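Peer 1: My questions will all concern the structure given below.
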Amino acid sequence: MKREWPTKEIPQKHFKMIGHKAAFLRYPLARKWLGLILDHLLLLFSWTVAYIFLRNLLFIPLPYAILFLMSIWISHSFVSLLTDTCATIYRYTGIKEMIKVMGGFTLSIGVAAVLSAVFATGASFQFILLVYLLSLLATGGKFAFFKALSEMDFLAKKQPFTAKKIRTLVVGAGDGGSLFIKNSQQHLPELQLMGIVDDDSRKHHMRVFGVPILGGTKDIPALVAAQGIEQITIAIPSLAPENLERILDLCNKSQAKVNLMPSIEEVMSGKLSVQRFRDIDVVDLLGRDEVTLDTEQLAKELSGKTLLVSGAGGSIGSEICRILSSFSPRQLILLGHGENSIYQIHRELNKRYNGQIELIPVIADIKDRDRMFEIMSLYQPSIVYHAAAHKHVPMMEMNTAEAIKNNVYGTKNIAEAAKEAEVGSFIMVSTDKAVNPPNVMGATKRLAEMIVTSLNEPGSTNFAAVRFGNVLGSRGSVVPLFKEQIQAGGPVTVTDFRMTRYFMTIPEASRLVIQAGVLARKGEIFVLDMGQPVKIVDLARKMVQISGYSESEIKVIETGIRPGEKLYEELLIASENTGEKVFDKIFVGKAVQKPLEEIMSFLGTLTGEDEKKIRNQLITYARLHQQQEPEEQRLQIQPPERAVAMGKEQMA
């Protein structure tokens, strides 16, 4: 690559050299040449000391010695400029950089020894060895000197912290703990690190960056009391959920605030820096594994394309937009009905990808059929991710007509518009509530699935649906409600202590939706591996625990099942289950195909009926058209708790 000299000053901080500001050091090339000159001076120093020390002990011809020095300078210049070892920032120098630099010196002196031996007589192995050892010693001294100088300069600029410091105990003396402690000492003067606890007894009574390791995690309550600890920071990024829960139980025996060091993913994405804390989330206790995407395949399918996301301002829709943006599409259409949520995600992405992606916010209602056709015709997207829907179960029970208009007719509008515009793939975000739905929301999503999969025809748009369970942290999940109840002092309400749900995090669900999208080949219902179902009452108790309370302080109470709720959720019924795994955590189900005309004919029969009758007919139709096995057989194959729940549903 051609290197160009800067045409104007690069705005950087002035470098101090013995109290003076060297203006030319603002140029990167000038700093490199200065580093090279400094290395040559160190080599000259090593050569001079070696020559003076050995000249009375050995016969070293001066012409040979001078040729050896010239050869070192020339070879070192080539090696340094090729490997950029003369452009090191000393404050951030580690062992790897030092090994690289010393390797460069070794290569340079080795080449110089060969050249000088070929072109001059009187070569001395002792002289070469002494020059080499002295140059390594001088290089190490150079790194130590400049690193100390930069640290002193940093400390001199740091503002003194005069307020009361927070007495902090760190959990974990491994890589995460040492990284956190180092950064805290540099950037968080408000912390007073009192000690560390770690369950590796071999580390006890040792120190990490001057902070003593006082014992194991079992000693936390005693140490908090003895040391007056006000804050406990867990700095073990790889901590298993069961161990985190055990440590939280110990921490909750004290009055100290508990928080976590941020994960590597949060640091890399810019959400948090290493020295900043984050509160413990219920996700940490559920132990959801991180999803690894096939980035090569996704980049091939998404890069340079026009993509459209409906419901782009929602929890899932906005996260899908964030992930899609990382694959450099040409255009990203942010479609949504709520102007504020679309404004927020547009502003966020525009700030991060300004000029790299054309971000187009579109305010539109999927119920407006003409508008959907107009948008598809105008932008001609390659892939559509349909995440717009009404998802709140009790609200849809009381607003059946609106649920049908939005979830069924709205999906039909945007899907048919995509087909007419010859969109490559259309991926509908569905829900486990569409399986044997006992409620309006699930029934409308099941009908939407049937409509989407019925539109598949050879040579046209690939239509598919992705079905998954509850998403932790989404606007409609129980987590925000539980947080609100805990902040209000309780009680935390659970409708039935036997109730279970599948849970997944927002990033996890969004990544798998995108991955499933590139696997779509026509008419599939993709099902995400939700792991094991979680009891809602256990989730509530964990949230009370991570908030620093006991169940005696904030009670968890049972209030009774609301209209439309199920005791448990299913992801597939027997007739849909193929057992085929197409990607990690993604299974493909067999969609029950129904002609679009038949579905629309049924919807036409609902016109003019009262809301109760519409609701009953809608749910009956959705349940019957999944070709499920007889109810008696289903009761026999379910686990006892599920069988009881289904029996109660039948009696109701």
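The values are calculated or read from the model by the stated rules, or taken from the named source; none is laboratory data. Since we're looking at a predicted model, the values are computed, not measured. Backbone-built Cβ (ideal geometry, glycine too); neighbour counts: all protein chains shown. Protein only, heavy atoms only, side chains kept; ligands, DNA and RNA dropped before computing areas. Shrake-Rupley method; radii C 1.70, N 1.55, O 1.52, S 1.80 Å.
Peer 1: Under the condition of being of a type in the set (S, T, N, Q) and within 16 Å of the chain's Cα centre (by Cα), which residue from segment 307-330 is most open to solvent (accessible area, probe 1.4 Å)?
Peer 2: Taking the candidates together, the pick is Ser326.
Peer 1: Out of curiosity, is Gly172 open to solvent by less than 60 Å² (accessible area, probe 1.4 Å) and at pLDDT 85 or above?
Peer 2: The answer is yes for Gly172.
Peer 1: Working only within segment 434-458, note down all residues that are in contact with a helix residue (DSSP H, G or I) (Cβ under 9 Å, 6 or more places away or on another chain) and among the β-branched types (Val, Ile, Thr).
Peer 2: Val435, Val440, Thr444, Ile451, Val452 - these are the residues of segment 434-458 that are in contact with a helix residue (DSSP H, G or I) (Cβ under 9 Å, 6 or more places away or on another chain) and among the β-branched types (Val, Ile, Thr).
Peer 1: Still on this model: Pick from Thr85, Thr48: which is within 46 Å of the chain's Cα centre (by Cα), modelled with pLDDT of 65 or more and either of a type in the set (Val, Ile, Thr) or open to solvent by less than 20 Å² (accessible area, probe 1.4 Å) (or both)?
Peer 2: Thr85
Peer 1: Filter segment 327-368 for residues that are assigned to a loop (DSSP other than H, G, I, E, B) and either over 20 Å from Lys405 (Cβ atoms) or among the small types (Gly, Ala, Ser) (or both) and give the result.
Peer 2: Phe327, Ser328, Pro329, Arg330, Gly338, Asn354, Gly355, Gln356, Ile357, Ala364
Peer 1: Also, I was wondering about something else. Among the residues of segment 116-129, is there at least one that is touching a Leu at 6+ places or on another chain (Cβ under 9 Å), modelled with pLDDT under 75 and open to solvent by 60 Å² or more (accessible area, probe 1.4 Å)?
Peer 2: Looking through segment 116-129, none of the residues is touching a Leu at 6+ places or on another chain (Cβ under 9 Å), modelled with pLDDT under 75 and open to solvent by 60 Å² or more (accessible area, probe 1.4 Å).
Peer 1: Moving on. Under 19 Å from Ile320 (Cα atoms), over 29 Å from the mean Cα position of the chain (by Cα) and at pLDDT 95 or above: which single residue out of Ile363, Ile414 fits that description?
Peer 2: Ile414
Peer 1: To continue, here is another question. Is at least one residue of segment 302-309 more than 17 Å from Gln380 (Cα to Cα), in the same structural domain as Ala388 (by the TED database) and out of contact with any Phe, Trp or Tyr (no Cβ under 7 Å at 6 or more places or on another chain)?
Peer 2: There is no residue in segment 302-309 that is more than 17 Å from Gln380 (Cα to Cα), in the same structural domain as Ala388 (by the TED database) and out of contact with any Phe, Trp or Tyr (no Cβ under 7 Å at 6 or more places or on another chain).
Peer 1: A further question follows. Kindly list, by first and then second residue, each pair from a residue in segment 592-603 that is assigned by the TED database to the domain that holds Gln617 and in contact (Cβ under 8 Å) with a residue 24 or more places away in the chain to a residue that is in a loop (DSSP other than H, G, I, E, B) and surrounded by 16 or more Cβ atoms within 10 Å (Cβ to Cβ), limited to pairs with Cβ atoms under 8 Å and residues at least 6 apart or on different chains.
Peer 2: Val592/Glu576; Val592/His625; Val592/Gln626; Gln593/Gly523; Lys594/His625; Leu596/Leu455
Peer 1: Tell me the helices (runs of 4 or more DSSP H) entirely within segment 369-425 that contain at least 1 residues that are closer than 20 Å to Ser601 by Cβ and open to solvent by less than 10 Å² (accessible area, probe 1.4 Å).
Peer 2: Counting at least 1 such residues, we get 400-403, 410-420.
Residue by residue, here is whether (1) part of a loop (DSSP other than H, G, I, E, B); (2) open to solvent by less than 50 Å² (accessible area, probe 1.4 Å); (3) out of contact with any strand residue (DSSP E or B) (no Cβ under 9 Å at 6 or more places or on another chain) holds:
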position: Gly195; (1), (2), (3): no, yes, no
position: Leu239; (1), (2), (3): yes, yes, no
position: Glu242; (1), (2), (3): no, no, yes
position: Glu245; (1), (2), (3): no, no, yes
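Peer 1: In addition: Could you check how many residues of segment 586-623 are among the charged types (D, E, K, R) and touching a Pro at 6+ places or on another chain (Cβ under 9 Å)?
Peer 2: Adding up the residues that qualify gives 1.
Residue-by-condition table, conditions (1) open to solvent by less than 30 Å² (accessible area, probe 1.4 Å); (2) aliphatic (A, V, I, L, M); (3) touching a Cys at 6+ places or on another chain (Cβ under 7 Å); (4) modelled with pLDDT of 85 or more:
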{"site": "Thr495", "(1), (2), (3), (4)": "yes, no, no, yes"}
{"site": "Ala509", "(1), (2), (3), (4)": "yes, yes, no, no"}
{"site": "Ala516", "(1), (2), (3), (4)": "yes, yes, no, no"}
{"site": "Val527", "(1), (2), (3), (4)": "yes, yes, no, no"}
{"site": "Val537", "(1), (2), (3), (4)": "yes, yes, no, yes"}
{"site": "Glu553", "(1), (2), (3), (4)": "no, no, no, no"}
